[in-house]
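Contents: one structure, followed by commentary.
The values are calculated or read from the model by the stated rules, or taken from the named source; none is laboratory data. This structure is a prediction, so every number in the text was calculated from the model and none was measured. With ideal geometry, Cβ positions are generated from the backbone for all residues, glycine too; neighbour counts draw on all protein chains shown.
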Amino acid sequence: MDKRNFCIIAHIDHGKSTLADRMLEITETIPKRLMREQVLDRMELEREHGITIKAHPIKMEYKGFILNLIDTPGHVDFSYEVTRSLAACEGAILLVDAVQGVQAQTMSNLYMALDAGLIIIPVINKIDLPNAHIEDVRRELIDLLDSDEILLVSAKNGWGVEELMGRIIEKIPSPRREGSLLQ
């Protein structure tokens, strides 16, 4: 099977772990009866505080492809985990909250991903919220990335997540490096 190695990068609380949960549901990697919120956050401290501290890799199968996902921390104090994750990937989902827009850690993670030579898939999350500023955030991302190929999702409700998974398969190349961690 052809592989895609990617991570989800974003500012803290922009929905990385929730998006990972929806992908795990869609691919049936984790049975529905075992599914819970932020299933990849395994450490007690992560679950207590609702944040990702350690990067968590998981293998999913989807439409004849193996999708190796690494859910990364969003908090600036854990940037070293993001750097380690980027080294194992060919692409990154840049997830931006439709209410908060581009934040400091969004920029930091984006620059790290670009420095690592990764394909960036920009995604606006939380489009279902009544106070979402979708067009404002879209303009921010267009200015930042010089691209209007921006997907809209609600990780909480699953809206747009299958389209995103198709984009991962379409845009992110197979592992290119000899000895890639996730070959």
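Here GLU170 meets the list (1) over 21 Å from ALA87 (Cα atoms); (2) assigned to a helix (DSSP H, G or I); (3) charged (D, E, K, R) almost entirely, failing just condition (1). Restricting attention to the range 135-161, the residues that are surrounded by fewer than 15 Cβ atoms within 10 Å (Cβ to Cβ) and in contact (Cβ under 8 Å) with a residue 40 or more places away in the chain total 0. Scanning the range 12-28 for residues that are at pLDDT below 90 and not in a helix (DSSP H, G or I) yields ILE12, ASP13. Scoring ILE70 on the criteria (1) hydrophobic (A, V, I, L, M, F, W, C); (2) assigned to a strand (DSSP E or B); (3) at pLDDT 95 or above; (4) in contact with a Ser or Thr (Cβ under 9 Å, 6 or more places away or on another chain) leaves a single failure, condition (3). Cβ-Cβ distances below 8 Å connect the following pairs, each with a first residue in the range 97-121 that is on the phi > 0 side of the Ramachandran plot and buried (at least 16 other Cβ atoms within 10 Å of the Cβ), a second residue that is assigned to a loop (DSSP other than H, G, I, E, B) and not acidic (Asp, Glu), and a separation of six or more residues or different chains: GLY101/HIS133.
Quick test for you: out of GLU135, GLU48, GLU61, pick the one residue that is part of a strand (DSSP E or B), over 13 Å from ILE8 (Cβ atoms) and either acidic (Asp, Glu) or modelled with pLDDT of 95 or more (or both). Lay out the reasoning, then the answer.
Details: GLU135 fails: part of a strand (DSSP E or B); GLU48 fails: part of a strand (DSSP E or B).
That would be GLU61, the only listed residue that is part of a strand (DSSP E or B), over 13 Å from ILE8 (Cβ atoms) and either acidic (Asp, Glu) or modelled with pLDDT of 95 or more (or both).
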